[in-house]
Every structure is written in C-alpha cells, then in structure tokens.
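Asker: Attaching a single structure in structure tokens format; questions to follow.
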Amino acid sequence: MHAKNRLLKNDEYQQLLIKDFRRRVYLLSLACSLIFAFFFIVNFLGSGNPKFIIMDAVASVSFAILGLLIKQGLVKPLLGSVFILGIVMVIFTMVILLSGSIHGILFFYGTIPFFAFYMLGTRA
C-alpha cells in the first residue's frame, strides 16, 4: 500500500513538472511574440531597419500560434521549446546575413545563450 501511495505521489509530481514546463514554454513563446511585434512596429514606423519588417511580422505571428498550440496541448512543451529555439536561431541568422555587421554577430552570441540557459532551467 505504501509503495502504491508513493507511485501516486511520483505521478502527481511528474504531472506538476510537466504543467510547470508547459506554462514556462507558453510564457516564453508569448514573450517572444510580443518582442518581435515591438520590433515590427519599430521597423514599420521607420526607426529601425525596413529590411526586417516582414521577418519580424512572421516571427511574431509564428510565436503567437506556437503559444496557442502549446496552451491547448497540441504541441508538447519539449517540442515547443525546440521550435522556439529553432525560430530564434533562424531569425538571428537572417539578421546577421541581412545586416552584415559585427553588431548582429554580437547580438546573436549575446542572446542565444540566454535562451539556451532559460530552457535548460525549465527542463531541470
């Protein structure tokens, strides 16, 4: 009987971990959506680089859709985190290629570790 209670507690704990991980990935996806929506607005109003208008809009919508899919449970949280990192990597690679400056490279290497450590923290 004691072993059965222990298994139930372990299952409950696993479910809480999965729920917490889903919440973190969902919030990260929404944060990315808002960030790229802000970038879109800045670029659209002419203060930024007009080359990035379409890319920022697509990224913002992609992150919003991914967040909704994660929230509804259609995409598993681990797969969602891989999608988030993949989208971010593609966007930052495009920023580096389109800007061709050292600023883009420094931005890339300054932000990718943040996302990686964030996701490792949520997984741990």
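The values are calculated or read from the model by the stated rules, or taken from the named source; none is laboratory data. Since this is a predicted model, take the numbers as computed values, not measurements. All Cβ positions, even for glycine, are placed from backbone atoms using ideal geometry, and neighbour counts span all protein chains on display. The area values use the complete protein model at the heavy-atom level, side chains included, leaving out ligands, DNA and RNA. Shrake-Rupley method; radii C 1.70, N 1.55, O 1.52, S 1.80 Å.
Asker: Taking only the stretch 44-68 into account, find how many residues are in a helix (DSSP H, G or I) and open to solvent by 60 Å² or more (accessible area, probe 1.4 Å).
Answerer: Filtering the stretch 44-68 down to residues in a helix (DSSP H, G or I) leaves 44, 50-68.
When the remaining residues are screened for being open to solvent by 60 Å² or more (accessible area, probe 1.4 Å), the result is 44, 50-51, 54, 58, 61, 65, 68.
Total satisfying the criteria: 8.
Asker: Here is a list of conditions, (1) open to solvent by 50 Å² or more (accessible area, probe 1.4 Å); (2) at pLDDT 65 or above, and Phe107 meets all of them except one; can you say which number that is?
Answerer: Unmet condition: (2).
Asker: Among what's in the stretch 70-88 and is in contact with a Phe, Trp or Tyr (Cβ under 9 Å, 6 or more places away or on another chain) and aliphatic (A, V, I, L, M), pick the residue that is surrounded by the most Cβ atoms within 10 Å (Cβ to Cβ).
Answerer: Ile70
Asker: Another one. Would you mind stating whether Met94 is open to solvent by 60 Å² or more (accessible area, probe 1.4 Å) and either closer than 27 Å to Leu17 by Cα or in contact with a helix residue (DSSP H, G or I) (Cβ under 9 Å, 6 or more places away or on another chain) (or both)? Lay out the reasoning, then the answer.
Answerer: On the way: open to solvent by 60 Å² or more (accessible area, probe 1.4 Å): yes; either closer than 27 Å to Leu17 by Cα or in contact with a helix residue (DSSP H, G or I) (Cβ under 9 Å, 6 or more places away or on another chain) (or both): yes.
Answer is yes for this residue.
Asker: Give just the number: which of (1) modelled with pLDDT under 85; (2) among the hydrophobic types (A, V, I, L, M, F, W, C); (3) within 30 Å of Leu98 (Cβ to Cβ); (4) touching a Ser or Thr at 6+ places or on another chain (Cβ under 9 Å) does Ile35 not satisfy?
Answerer: It fails just one condition, (1).
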